[in-house]
Amino acid sequence: MRAAYISHASSVRHEMGEGHPECPDRVAVIADRLLMRGVLDYMESFDAQPATETQICRAHDARLYAELRSMAPREGYVHVDPDTSMNAHTWNAALHAAGAAVQATELVLRGGFKRAFCNVRPPGHHAERSQAMGFCFFNNVAVGIRHALDELGLQRVALVDFDVHHGNGSEDIFAGDERVLMVSTFQSRLYPYFGETAKGPNMCNIALAPYSDGDALKRAVIQHWVPALRAYAPQMVFISAGFDAHRDDDMSHLGWADADYGWVTQRLVEIAEETAEGRVVSMLEGGYNLPALARSVEQHVRALVGID
């Protein structure tokens, strides 16, 4: 099985100030871990290509694209919201992060690959159709999904989001779109402070109680995700892979362990094999405790690629 690993140097140049949790070291520790543990030996590596304006504007309003481009500073920082800012490299990094999703989609649908993992930042799942927010500028996975649907002709795709924060941007973009089934878990009463009530019939949002552990995740997957995914029979599976539900991550109050990320990924791979010819694209979202992030991504990618 051919699997792709996509990243780009711009991911480590975008930063939002000293001490910000969404930092360049996130992609660096993942790359180091996958290399050190031999996981990259099973994957083909690619430099991400930048997304075009046309590709991005399938998921976003053209005004957002123009606003972010005009806001990009030559030096210093420009704030998009209190927690989200741009430096001189952010615009380029955002284009390449969204482009990684398009490239991964092309490789899986046209390039002979079955799986792809994109180790890029900034993340994307909080970015709404017309608003950047929550560390996110463009909704990377949404750009990839719209490419699969609008350019490559798929009719049904699944978006699975297991970040600890609700993927409000993805829901905003896809609510009511029958071509997309979104299933997710997230901690209740955590940023962005909504999500328990789905905005469309194609949304399966499962809020998890604070201080719950991996058993709560497994119940949500078995009782809710798997039946919904099997009934929908997606032709491709996209994953918004956030790792901030880990018990060592102080951005939340859930108690997942490293192995939980391998377990949930294996369940998604099984669905993909049943309905989607095994086709899966995974995009990095959150995860801010660096050691836990690196270990958890390793478990995720091992299950994604089929490494024992």
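The range 1-36 and the range 129-169 have their alpha-carbon centroids 20 Å apart.
Applying the Karplus relation 6.51 cos²θ - 1.76 cosθ + 1.60 with θ = phi - 60° to the range 204-218 yields 3J(HN,Hα) values of 10, 9, 10, 7, 9, 5, x, 6, 7, 10, x, 5, 5, 4, 5 Hz, where x marks Gly and Pro. Identify which of the listed values of Rg and Dmax of the Cα atoms in Å was calculated from the structure shown: (1) 20.2, 76; (2) 22.2, 69; (3) 17.3, 50. Matching the structure shown: (3). Here's the picture: a label point sits 7 Å out from the Cα of R63 along the beta-carbon direction, and within the range 118-162 the residues with their amide nitrogen under 13 Å of it are 129-132.
Using the Cβ-Cβ distance between A233 and D25 with R0 set to 35 Å, the FRET efficiency from 1/(1 + (r/R0)^6) comes to roughly 0.35. Measure off, as a whole percent, the carbon and sulfur share of the 1.4 Å-probe accessible area of the chain, all protein chains present. The C+S portion of the solvent-accessible surface of the chain is 47 percent. Using the 1.4 Å probe convention, the accessible area of the range 76-173 works out to 24 Å² per residue with neighbouring protein chains retained. Relative to the current alpha-carbon distance between R219 and T197, full extension at 0.36 nm per residue lengthens the span by 6.0 nm. Close amide H pairs (under 5 Å, H built 1.01 Å from N) link A4 with E44, R115, A116, F117, residues at least 5 positions away or on another chain. Listed values for the range 42-48 are Karplus-derived 3J(HN,Hα) couplings in whole Hz (6.51 cos²θ - 1.76 cosθ + 1.60, θ = phi - 60°), namely 9, 10, 9, 8, 9, 7, 5, and x replaces Gly and Pro. By the helix-only formula, in which each DSSP H run with n ≥ 4 contributes -39500 (n - 2.57) and the sum is divided by residues, the chain has a 222 nm mean residue ellipticity of -10500 deg cm²/dmol. Phi angles across the range 186-195 convert, under the Karplus curve 6.51 cos²θ - 1.76 cosθ + 1.60 with θ = phi - 60°, into 3J(HN,Hα) values of 6, 7, 5, 6, 10, 2, x, 6, 7, x Hz, Gly and Pro given as x.
The H on the amide N of N202, modeled in the peptide plane, is under 5 Å from the matching H of G176, each at least 5 residues off or on a different chain.
The values are calculated or read from the model by the stated rules, or taken from the named source; none is laboratory data. Computed from a predicted structure; not experimentally measured. Cβ atoms come from the backbone with ideal geometry, glycine included; neighbour counts cover every protein chain shown. Heavy atoms of the whole protein, side chains included, go into the accessibility calculation; ligands, DNA and RNA do not. Shrake-Rupley method; radii C 1.70, N 1.55, O 1.52, S 1.80 Å.
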